[in-house]
1. At a Förster radius of 22 Å, what calculated FRET efficiency corresponds to the Cβ-Cβ distance of Val298 and Ser367, to the nearest 0.05?
2. What's the angle, to the nearest 10 degrees (0 to 90), between helix 367-378's Cα axis and the longest principal axis of the chain?
3. Find how much the distance from Lys309 to Leu374 grows on full extension, using 0.36 nm per residue of separation minus their present alpha carbon separation; answer in nm with one decimal.
4. If a/c stays under 1.5 just call it rounded; otherwise compare a/b with b/c (prolate if a/b is bigger, oblate if not). Do that for the stretch 206-259, with a ≥ b ≥ c from the square roots of the Cα gyration tensor eigenvalues.
5. Counting only protein heavy atoms, what percent of the accessible surface of the stretch 275-365 is carbon or sulfur at a 1.4 Å probe?
6. Put a dot 7 Å past each Cα toward the Cβ at Asp120 and Phe20; how far apart are the dots in nm?
7. From the C-alpha gyration tensor of the stretch 59-138, pull out the three semi-axes of the equivalent ellipsoid (sqrt of 5λ each), sorted largest to smallest, in whole Å.
8. Given Cβ point charges of +1 (Lys, Arg) and -1 (Asp, Glu) and nothing else, what value in debye, to the nearest 20, does the dipole of the chain about its Cα centre take?
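The values are calculated or read from the model by the stated rules, or taken from the named source; none is laboratory data. The structure displayed is predicted, hence computed values, not measured ones. All Cβ positions, glycine included, derive from the backbone under ideal geometry; neighbour counts span all protein chains shown. To get the accessible areas, we keep the full protein, side chains included, count just its heavy atoms, and leave off ligands, DNA and RNA. Shrake-Rupley method; radii C 1.70, N 1.55, O 1.52, S 1.80 Å.
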Amino acid sequence: MNSSYFTEEHQSFRESLRDFLVKEVVPHIEKWEKTGTIERFIWKKFGDMGFFGISYPEAYGGLNLDLFYTVIFLEELQKIKSSGFAAAMWAHAYLAMTHLNAEGDERIKQNYLAPSIAGDLIGALCISEPFGGSDVAGMRTSAVKKGDKYVINGSKTFITNGVYADYYIVAAKTDVEAGNKGISIFLVDTKTAGISATKLDKLGWRASDTAEIAFDNVEIPLENLMGEEGKGFPYIMQHFALERLIMAINGHARAEYALEYTIDYMSQRQAFGTTIDKFQALRHVIVEHTTEVEHCKVFNYAAVARLDKGEYVVKEATMAKMKSTKVADEAIYSCLQMLGGYGYMEEYPLARLLRDSRLGPIGGGTSEILKEILSKMIIDKQNYKPAVK
């Protein structure tokens, strides 16, 4: 436990969450990995325990706790052998619900945020499109105002929770000529006519449902606009800092889990009359990766501490995500190698970890896009500012 950021209350929360995951989640992981469907009962159990409301206002059933409780939530979810399950939980709690809390009006908060905190509703954030993932400003989905409704047409893809969600937070163009100044954010109930969702088959994250979603003349009331029309792009960018930090924390946590597992394995695996943790070539590889992971962890915690104080940490969050996801991939690759043939077997965790980890440098903005964003900030001196609601 890092005492600079975590108190005894944080540690008690970690132990409580860890016990809950072992008892309530781990026994079902293999089934959910095979079916690609996380059963609804577990969402309700998370809600009953308050895990979805960690950072949200008490007025809607939340706990209003600091961001290091969220860090614990994310870290422990990475250590139960299913990043797909973890993704379903945090995409609901910190992608969809973040927008409900930040841009939703009181009606939306009462009807959607409170039930989401309780685990009665599942949400999904819909930004990426088949013709543009990281290029948010280039989206084609439109929302045209007609009388007392908006009519949405277009498609979204790679949407976590997209098949089984009860509502979507949808980014769409309300002014197709205005570039990133023409994007708005909407709440769309998934029972609305004209929506179809198709489950995608993935390399990893197999427990979570990831969908391509089509909107065919989907009519929603004007009041389902969230925040101001045309302000969607800065809203999205503002929340990307949290999403990138989430991905960074996920990265250091799964790498830490892989290293802990591998060190334990090496302490028991015999070769040439001794355990393989005595071989210098292997020991030094483990030490190098552990050092890299610890560097990421310290940086990530520092960025979280600043975000928790209300600072705009888009640069630091972008750096954190880019570095931590790369370090995780490299560490897990080496850890699998340490297990030899057993690392390639599905009954050991490294094979799944390797597949699941590979999404890190892709989701939430590819590493290549993040480097270009950082280039604009560091070299071109571009200054990104938070949205003003």
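1. Values: r = 21 Å, r/R0 = 0.93.
Given R0 = 22 Å and the Cβ-Cβ separation, E is 0.60.
2. The angle comes out at about 70 degrees.
3. Details: separation 65, 0.36 × 65 = 23.40 nm, distance 2.25 nm.
Additional length available on full extension: 21.1 nm.
4. Numbers: a/c = 4.50, a/b = 1.77, b/c = 2.55.
Since a/c reaches 1.5 but b/c is at least a/b, the shape of the stretch 206-259 is classed as oblate.
5. Working: 2560 of 4450 Å².
Its accessible area is 58 percent carbon and sulfur atoms.
6. Those two pseudo-labels are separated by 1.8 nm.
7. Details: eigenvalues 94, 84, 26 Å².
The answer is 22, 20, 11 Å, longest axis first.
8. Numbers: 44 positive and 51 negative charges, 118 e Å.
So the magnitude is around 560 debye.
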